[in-house]
Amino acid sequence: MAAVKIDNIRKVYAGNVEAVKGVSVDIPDGSFCVLVGPSGCGKSTLLRMVAGLETITSGECSIGGRVVNEVGPADRDIAMVFQNYALYPHMSVYDNMAYGLRNRKTPEVEIRARVAEAAKILAIEPFLQRSPRQLSGGQRQRVAMGRAIVRKPQVFLFDEPLSNLDAKLRVQMRVEIKRLQRALGVTSIYVTHDQVEAMTLSDQLVVMNGGQIEQVGVPTEIYRRPQTTFVAGFIGSPPMNMLKARLERGGVRIGGMVLPVLGLKPGQAEGSEVTVGLRPEDIVAFAASDQGHRMAVDFVEELGATRLLHGSFESQTVVVQVAGSQGFADGSQIGFSVPAEAVHVFDTGTGVRLN
Amino acid sequence: MVEDRRFGDFLAYVILTLGVLIVAFPLYITFVASTWDASTIINGQLPLYPGPYLLENYHRTLFVGTSSSTREPVFNMMFNSLVMALAIAFGKIFICILSAYAVVYYRFPLRMTAFWLIFVTLMLPVEVRIFPTFKVVADLGFLDTYHGLAVPLIASATGTLLFRQFFMTIPDELLEASKIDGAGAFRFFKDTVLPLSLTTIAALFVIQFIYGWNQYLWPLLITTKDSMQTIVIGIKKMIVTADALTEWQLAMTTAMLAMLPPVAVVVLMQRLFVKGLVDQEK
């Protein structure tokens with residue numbers, strides 16, 4: 001096991017396309033790091049540079065204290081799980097898992113033991129002699145993970161491993177990956193565009209956008225204190241309400257409503273345009289429209305455990321999440337209030353957090 | 001679908017049967033002619049049923065040879081043809097799979113230029129460059145040899161193209177997984193690309209074996225000894241136009257024999273062949 005240090009890495013493709021613009025992350029030994037962002041944000045490229053499948057234009061990548069910029073993928077002591085599994089179609093499951101070990105001249109006795117052990121962990125023992133073609137998507141995914149496990153690498157790299165699975169299986173495999181990583185304690189880097197996967201899996205969450213890191217931290221911190229409007233909008237479902245507001249003494253004004261702001265950074269000019277972020281679940285809704293501020297509900301979205309109230313306040317769209325037990329009707333007027341600690345304020349121009 | 005299905009089916013069968021008859025009838029006549037003696041055929045009254053000379057004709061053709069023009073037993077000619085066809089087929093597969101592998105998986109300067117140069121040779125079959133090729137082969141002292149027969153026909157753009165198209169359908173992730181699994185360029189080729197290409201190889205083998213077996217102009221030019229001639233040349237030499245009588249029953253027997261190996265290759269490899277051209281499983 002080893003820590004991974006990514007130091008100011010850049011990737012410039014032919015034609016001067018800069019895919020990764022100077023990224024630094026320290027991934028401690030044994031932790032699960034998730035790189036999340038929209039497609040084209042450079043997260044996959046970054047992972048592939050760690051794997052050695054892409055060259056590093058500038059900067060340094062080290063695994064376990066060893067700089068690996070010039071080391072081939074086979075000698076970096078990493079294992080990778082691909083989105084389309086990349087199993088060798090002409091080999092049996094057993095041979096798929098044994099292939100990397102055979103290439104490293106591991107004795108056949110040990111190969112057998114290691115494959116058996118991995119197969120047991122992943123519950124794929126009955127399929128060892130089958131060919132990948134005869135397996136379902138979930139089983140193939142397990143084999144791909146088995147191929148990574150048998151190598152006992154320093155680092156696991158996952159490139160959107162669950163995106164080819166159906167929704168139910170994805171949830172199940174997500175839990176299994178997490179459990180497996182905990183049990184093996186291997187440093188892992190996981191790329192996904194799904195913010196739920198990112199939140200649930202990660203010890204360390206890296207939100208990327210446009211080839212740069214927007215924010216790094218533990219998932220709860222990123223959720224509670226997003227540092228930019230991008231992070232605020234990307235993490236969380238349903239996404240955060242973003243409202244246009246004006247800075248005032250001791251708070252922000254949205255139309256007729258003034259919300260108090262805690263811990264506003266000094267040096268903000270009063271009257272300047274800001275963006276206020278309010279998570280749908282932080283807004284408290286009342287059936288009585290004379291309580292708190294007043295809002296018209298356009299329609300109610302039923303999710304079972306919760307309900308989403310789509311409404312507008314001061315002609316800006318607002319989504320409020322309420323418990324499923326609370327009854328609200330389409331077209332009704334409701335009252336709402338916002339706790340002070342739930343108010344996120346961002347600079348409208350730069351998108352940077354101001355409180 | 002055709003609306004009146006029963007009539008449609010009937011029509012299809014009629015057309016199909018007619019087609020089969022048109023193709024099969026000359027073959028049948030060839031077979032019948034190979035079972036009669038010379039005088040029956042010369043009479044111009046060849047029966048439509050097989051005669052009693054089947055074993056005699058085939059034995060004589062294979063192991064004794066005709067009495068005029070070419071006296072080489074056809075067995076030797078078949079052997080020559082077989083060596084040439086196999087050498088061409090395997091040689092082409094070997095060269096093509098390697099050149100396609102290089103073009104697809106390596107990044108080297110002038111890679112696409114190299115590919116296009118190979119591609120352009122499609123426009124230069126042996127018939128077009130026959131004089132320079134003959135000159136080169138003659139200067140190398142390859143006349144009347146097996147390598148003289150096969151080598152100039154081995155390089156092939158078709159095969160390279162076929163393999164290239166197939167390699168491009170192999171997902172990049174397989175190459176990357178191989179790299180991470182510690183397989184170098186040669187291992188990736190041997191362990192992954194080659195097994196996946198089996199059906200493509202089979203398809204190319206069938207096409208190229210028949211191409212090699214049916215060569216006429218090139219063997220005609222570079223073989224002068226009877227012992228080196230191929231069966232296709234043999235048939236031509238048996239049919240004499242001047243002075244002597246053509247031993248038609250032996251010529252027909254040779255024609256029948258000449259058809260057998262290509263038929264055998266197609267029949268035996270049909271399943272792989274069709275698979276290679278149609279569904280390329282990855």
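Computed from the coordinates by the stated procedures, all read-outs in this text should not be read as laboratory data. Because the structure is a prediction, the values reported are computed rather than measured. Reconstructed Cβ throughout: ideal geometry from the backbone, glycine too, with neighbour counts over all protein chains shown.
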Computed about the Cα centre, the charge dipole of the protein assembly as shown from +1 Lys/Arg and -1 Asp/Glu charges at the Cβ has a magnitude in debye, to the nearest 20, of 1060
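Evaluated at 10 °C with a viscosity of 1.306 mPa s, what Stokes-Einstein diffusion coefficient in µm²/s does segment A:20-116 have when Rh comes from the Kirkwood expression over alpha-carbon pairs? Please report the intermediate quantities before stating the final value.
Working: Rh = 15.8 Å.
D = 101 µm²/s.
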Any residue on another chain or 5+ positions along whose placed amide H is under 5 Å from the amide H of A:Gln215 is listed here as A:Val207
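Regarding segment A:283-337, what is the average projected area of its C-alpha convex hull, in nm²?
Details: hull surface 12.7 nm².
Approximately 3.2 nm², given one-decimal rounding.
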Two pseudo-spin positions, 7 Å from Cα along C-beta at B:Leu98 and at A:Glu110, lie apart in nanometres by 3.5
For chain B, longest principal axis from Cα atoms; helix B:111-120 axis from its Cα atoms; angle between them, nearest 10 degrees, is 10
With no solvent term and unit scatterers on the alpha-carbon positions of chain B, Debye gives log₁₀ I(q)/I(0) at q = 0.06, 0.07, 0.09, 0.11 Å⁻¹ of -0.29, -0.38, -0.61, -0.83
For segment A:283-337, averaging the sequence separation of alpha carbon pairs under 8 Å that lie six or more residues apart and dividing by its residue count, the contact order in percent is 50
Calc'd 3J(HN,Hα), segment A:52-66, phi into Karplus 6.51 cos²θ - 1.76 cosθ + 1.60 (θ = phi - 60°), Hz, glycine/Pro = x, comes to x, 8, 10, 6, 9, 5, 8, x, 9, 10, 10, 10, x, x, 9
Diffing segment B:253-266: the Karplus 3J(HN,Hα) column from phi (6.51, -1.76, 1.60, θ = phi - 60°), in whole Hz with x for Gly and Pro, holds 4, 4, 4, 4, 5, 5, 7, 4, x, x, 4, 4, 4, 5
Residues whose built amide H sits under 5 Å from the amide H of A:Gln83, excluding neighbours closer than 5 in sequence, are A:Asp159
In debye to the nearest 20, the charge dipole size for segment B:67-277, taken about the Cα centre with +1 at each Lys and Arg Cβ and -1 at each Asp and Glu Cβ, equals 260
Computed over chain B, the relative contact order (Cα-Cα under 8 Å, seq sep at least six) in percent reads 29
In vacuo Debye sum over C-alpha of the protein assembly as shown, base-10 log of normalised intensity I(q)/I(0) at q = 0.08, 0.10 Å⁻¹, listed in q order, is -0.82, -1.02
Rounded to the nearest 500, the 222 nm mean residue ellipticity computed for chain B from DSSP H runs (n ≥ 4, each -39500 (n - 2.57)) alone is -20500 deg cm²/dmol
Along the dipole axis of the protein assembly as shown (charges at Cβ: +1 for Lys and Arg, -1 for Asp and Glu; origin at the Cα centre), the most positive-end residue among B:Phe7, A:His344, B:Ile207 is B:Ile207
Expected vector for segment B:167-180, Karplus 3J(HN,Hα) from phi with 6.51, -1.76, 1.60 and θ = phi - 60°, integer Hz, x for Gly and Pro, equals 4, 5, 8, 6, x, 4, 4, 5, 5, 5, 4, 5, 4, 5
A chain fully extended from A:Lys265 to A:Val171 at 0.36 nm per residue, minus the present Cα-Cα distance, gains in nm 29.9 nm
Taking the dipole of the protein assembly as shown about the Cα centre (Lys, Arg +1; Asp, Glu -1; charges at Cβ), the one of A:Ala285, B:Leu257, A:Val17 that reaches farthest to the positive side is B:Leu257
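Once Rh is set to the Kirkwood radius over Cα pairs, what Stokes-Einstein translational diffusion coefficient, in µm²/s, holds for segment A:216-335 at a temperature of 37 °C and a viscosity of 0.692 mPa s?
Working: Rh = 15.5 Å.
Here the translational diffusion coefficient equals 212 µm²/s.
Could you work out [θ]222 nm for chain A from helices alone, using -39500 (n - 2.57) per DSSP H run of at least four and dividing by all its residues? Round to the nearest 500 deg cm²/dmol.
Calculated at 222 nm, the ellipticity per residue is -7000 deg cm²/dmol.
Take A:Glu110, A:Glu314, A:Glu160 and order them by how many other Cβ atoms sit within 10 Å, fewest up front.
Values: A:Glu110 11, A:Glu314 15, A:Glu160 20.
By the 10 Å Cβ count, ascending, the order reads A:Glu110, A:Glu314, A:Glu160.
Provide the gained length on full extension for the span A:Glu117 to A:Thr306, in nm with one decimal, where the gain is 0.36 nm per separating residue minus the Cα-Cα distance. Could you put the intermediate results ahead of the total?
On the way: separation 189, 0.36 × 189 = 68.04 nm, distance 4.26 nm.
Gain on extension, A:Glu117 to A:Thr306, equals 63.8 nm.
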Computed over chain B: longest principal axis from alpha-carbon atoms vs helix B:5-33 long axis, angle to nearest 10 degrees, is 60
At the level of C-alpha centres, the distance separating segment B:32-92 and segment A:221-280, in angstrom, is 95
Spelling it out for A:Tyr190: with amide H atoms placed in the peptide plane at 1.01 Å from N, the residues 5 or more places away or on another chain with amide H under 5 Å from its amide H are A:Cys33, A:Val34, A:Leu35, A:Phe158
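Using Cα-Cα distances under 8 Å and only pairs 6 or more residues apart, what relative contact order does chain A have, in percent?
Working: 739 pairs, mean separation 57.1, N = 355.
Relative contact order here is 16 percent.
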Dividing the surface of the Cα convex hull of chain A by four yields a projected area in nm² of 21.4
